[in-house]
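S.K.: Supplied in structure tokens, the structure appears directly below.
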Amino acid sequence: MIHPQEAPPPPLPPRKKPFGLLGLSGGLALVLIGFLVWFSFRGAPPSPAAKKGEEVKEASPSSQSAPGPQAAAAASARDSATILRSQLEQVFSGIKEANQKKDLSQLLSYYSPNFAQLTQRAQNISKTWKIYDYPKMEFEIHEISRLVDNTAIARVTWEVEAQNISTHKSKNISKTYSIKFVQESGQWRIKSLDETR
């Protein structure tokens, strides 16, 4: 039997190795791995030629050479078509506003003075405004063709909600027109319109 006084001494705690070259190199390796992971998610740094606040775009193989005359002409045609569409949309926005305000002089400013039977059209519009309000009026341009001599043709659908002033009953009207525009004094105006099917 072992007496408590004769018990073996408790084991010594393990001896700590001093922090040395091995610990320092392991820490540096972790820092380097962290930077590599960070750069791989972040992407490549901007080129030194980029100024602060400027966006740097990578050049694709096709954009490294100057566009040919055909590509430049196609881009110019797309820009021209976009501008024309925007200008015609402004005409329809003005027509919508004039109809909703029932402002005849504003409405007629979007028609060419050479529009066939413009006076009769103005009279018909005035009579219609005494019967109907237009709470909803939308235009959708389907096709646009630019012609010579500052003219263009567009196929346009008009979606209109007409509300009878006295009965408050509404009806929805949808009509598609082939509209010829002419540019006069820097503004596009309707020269003619024909209902299509």
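S.K.: Please report, in Å, the Rg and the Dmax of segment 94-197, where both are computed over Cα atoms only.
M.R.: My reading of the Cα-based Rg and Dmax gives 14.3, 47 Å.
S.K.: Scale the Cα Rg of segment 140-192 by the rule-of-thumb value 2.2 N^0.38 Å and send over the ratio, two decimals. Walk me through the numbers on the way to the answer.
M.R.: Numbers: Rg = 15.2 Å, N = 53, 2.2 N^0.38 = 9.9 Å.
So the Cα radius of gyration is 1.52 times the expected 2.2 N^0.38 Å.
S.K.: Tell me, what ³J(HN,Hα) does each residue in segment 102-107 have, in order and in whole Hz, if you take phi through Karplus 6.51 cos²θ - 1.76 cosθ + 1.60 with θ = phi - 60° and put x for Gly and Pro?
M.R.: Result, ordered by residue: 6, 9, 5, 5, 5, 4 Hz.
S.K.: In addition: Between I153 and K130, what is the label-point separation in nm under the 7 Å Cα-to-beta-carbon projection?
M.R.: Reported label-point gap for K130 and I153 is 3.7 nm.
S.K.: Over segment 86-197, what is the relative contact order in whole percent, taking alpha-carbon pairs under 8 Å and six or more residues apart?
M.R.: 24
S.K.: Sticking with this one: Going down the table (K101/K127; K101/K180; K101/K191; K102/K175), which pairs top 18 Å between alpha carbons?
M.R.: K101/K180; K101/K191; K102/K175
Values quoted throughout were computed directly from the atomic coordinates according to the rules given, and no laboratory measurement underlies them. These numbers were taken from a predicted model, which means no experiment stands behind them. Every residue, glycine as well, gets a Cβ built from its backbone with ideal geometry; the counts of neighbours run over all protein chains shown.
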